[in-house]
Structures are given as C-alpha cells and as structure tokens.
Amino acid sequence: MSKIVIALGGNALGNSANEQLTKAELAAKSIADLITAGHHVVIAHGNGPQVGKIRLAFEETSQTPEDTMPFPECTAMSQGYIGYHLQQAIDEELVARGLGDIPVVSMLTQVVVDPADPAFANPTKPIGGYYSEEEAKKLMAESDDVYVEDAGRGWRRVVPSPKPVDIYEKISLKTLVDAGQVVIACGGGGIPVIYEGTHYKGVDAVIDKDFAAAKMAALIDADVFIILTAVDHVFVNFGTPEQKALETTTVADMQKYIEEKQFAPGSMLPKVEAAMDFAESKAGRQAIIASLEQASEAVKGTSGTIVQM
C-alpha cells in the first residue's frame, strides 16, 4: 500500500457551487478507486475560480476598502466549502463501495511563508474583479494594494505568491493521516501566514497549490505525489510536429527542459517544479502529473508523466 497525496486543480471543480457538487462527485470516483486498491490517500485542492468569486462578492458589497474581506479569510472560506463538497462526495462514494468505515475529514490549513520571500516585492497573482484605470489608481491611493492592467480586460489587484515553508497544523495532519483517515488539507495552497512576534498572522498572498501539496506530501512522508490536471502527460515541443509525451523522466532531465523554456510559466511550469521538489526530497519518492480520469492508471505506471531522481 502506498501513501499518496493528490493535488486537485480548482478549475477541475467548476465555476459555480452546483457545478462543483457534480465535479466533486466525479473526482471522488477517481479518488475512491485508489482507496479501493488499498492506497492511503490525502487530498489537496486548488481554489482559483472559487476564491476569486468570494473576493469579488465582498468587493461589490463593501462600502469602503476597509470593509472588504481580507484575502486570508477568503481562502479560509474557500477551504471550508470546497472541503465540504469533496468530503461529502468521497464519503458517499466510499459508502457505496462498502468502505464507509474509513473517515473523511477536511481541515483548515495554515501554510507558513517567509516574509523575506522575494515574491512579496513582486506581486504577480491576479485576484478579484476588474476595474478601470481611474478606479484602480484611486484604490491604490487609498491602500497599499497593487493593481495592474490585465490583458486588455481592465485593471486587477495582484498579490504575492510566496513558496511554502511549513504547515502550521502538521502535527494534527500527521495524527489524522497516521490514524488512516482520508484528509483534505492545504486547500487553495493553504491560508498564508507569517510568524510575527509571538503569533502567526495572515498575509494577502496566494500560495501555489501544487507547491503546498508537495510540501505536505514531504511532511507526511508520502510515497507518491500526484498532480491531476487536464492532460494525460507532460509534453515537450507542445503544439508542434515534434510534440512528445514524457512518460518516465528524471529531475535532471526536467531541469534541462525548464532551461529550454518547454513549459508555460502560468500553467505547466509550476506543476513540473512542484513534482521535482517532491521527487528530490527523499530517495525513492515519485511524482506523477496526469489527468483526473487516469489517476488509477497513473499509479500503476500506465499513464501520466512520472518524475523521479
């Protein structure tokens, strides 16, 4: 039996609460396939579309910038309702398979970041709604927030995307995992916090969910880390006649492909880098990038891109 951490993309869960319920049921089937096969599964998930809607709802109903819900709280809200949907769907699927005695739990997760991370000096992650240039400049004058023009669609706020350093709830997380429970954690990359004085404080940032999931996989000593995405493999020379699917590859080879700029910065590159982080964290660990539908086959080695030392 392998201990497996799955990183499930937020876009894979749809753009509305109703759509998310349906998509969560589909994800639950793939997750339950792995559990049925005897694997111990821990799940992380993205929250891109969901947290954007939460933030936008507060922006549109707030009278002043001070009334807008802080971003760490928006991430916590998204962890709650996405975790709730996944927890229900997985539990229902396990009950249907006669595995209802396996507990499923979702937990709010704070992920520690370094306040000196260079990302804080270069915010790049767009969040929330679109504004005119005049509105954006007014908002910047009223706060420390940064807004940038976004692909001709208007101005949007951007926040830092620092790397995860630690998971605040790691002891509780390990306790639940060691007890055999199916745990849903690090939703949306986790609630980003920094250590300040004698306590942890939430900061306006977005942690990449794949990096957070890789950190979680290393901390709980997982055997396999799977990033589920929209394609069955990672490709090089993508979209050209020389396009090639990668099946089993090494961290060193992936580094060469990165230097060749084979992977798009906003999509496949962070997935590849997170897979490399986990694969090189301990001898014998494997990271796999595969599609949701092929999760079971990926663990068997018949689908997906395997990254190892």
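The values are calculated or read from the model by the stated rules, or taken from the named source; none is laboratory data. Being a predicted model, the structure only gives us computed values, none of them experimental. Every residue, glycine among them, receives a Cβ derived from its backbone with ideal geometry; neighbour counts consider all protein chains shown. Heavy atoms of the whole protein, side chains included, go into the accessibility calculation; ligands, DNA and RNA do not. Shrake-Rupley method; radii C 1.70, N 1.55, O 1.52, S 1.80 Å.
What to note about this one:
- Two-site label geometry, Met1 and Thr61: point separation in nm, points 7 Å out along Cα→Cβ: 4.4 nm
- Amide H partners (placed H, <5 Å) of Ile227, local residues excluded: Ala7, Ile288, Ile289, Ala290
- Heavy atoms of Tyr130: accessible area, 1.4 Å probe, square angstrom to 10: 100 Å²
- Its Cα centre serving as origin, region 70-215 has a Cβ charge dipole (Lys and Arg +1, Asp and Glu -1) of approximately 200 debye.
- Listed residue (Pro72, Ile31, Phe58) projecting farthest to the positive dipole end of region 1-125, Cβ model: Ile31
- If R0 is 25 Å, the Cβ-Cβ spacing of Ala283 and Met107 corresponds to a FRET efficiency of close to 0.30.
- Expected 222 nm ellipticity per residue - DSSP helices of 4 or more, -39500 (n - 2.57), all of the chain, to 500: -12000 deg cm²/dmol
- With a 1.4 Å probe rolled over the protein heavy atoms of all chains, the accessible area of Glu60, Glu242 falls in the order Glu60, Glu242, largest first.
- Rounded, prolate or oblate (a/c below 1.5 giving rounded, otherwise prolate when a/b exceeds b/c) for region 1-138 by Cα gyration tensor: prolate
- Note on Leu269 and Glu92: their simple-model spin labels are 4.0 nm apart, each label 7 Å out from Cα toward Cβ.
- Inter-label distance, nm, simple model (7 Å from Cα along the C-beta direction), Lys138/Glu247: 6.0 nm
- Were the residues from Glu25 through Val146 laid out at 0.36 nm apart, the gain over their Cα-Cα distance would be 39.8 nm.
- Surrounding net charge for Pro164, when Lys and Arg each add one and Asp and Glu each subtract one, Cβ distance under 12 Å: -2
- Partners of Lys261 within straight-line reach, counting lysines whose Cα lies under 22 Å from its Cα and excluding those fewer than 8 residues away in the same chain: Lys125, Lys163, Lys209, Lys244, Lys271.
- Among Gly189, Gly152, Gly266, the largest mean-square fluctuation in a Gaussian network model of the chain (Cα springs under 10 Å) belongs to Gly152.
- Near-label residues of region 194-229 by backbone N, under 18 Å of a point 7 Å along Cα→Cβ of Ala37: 222-229
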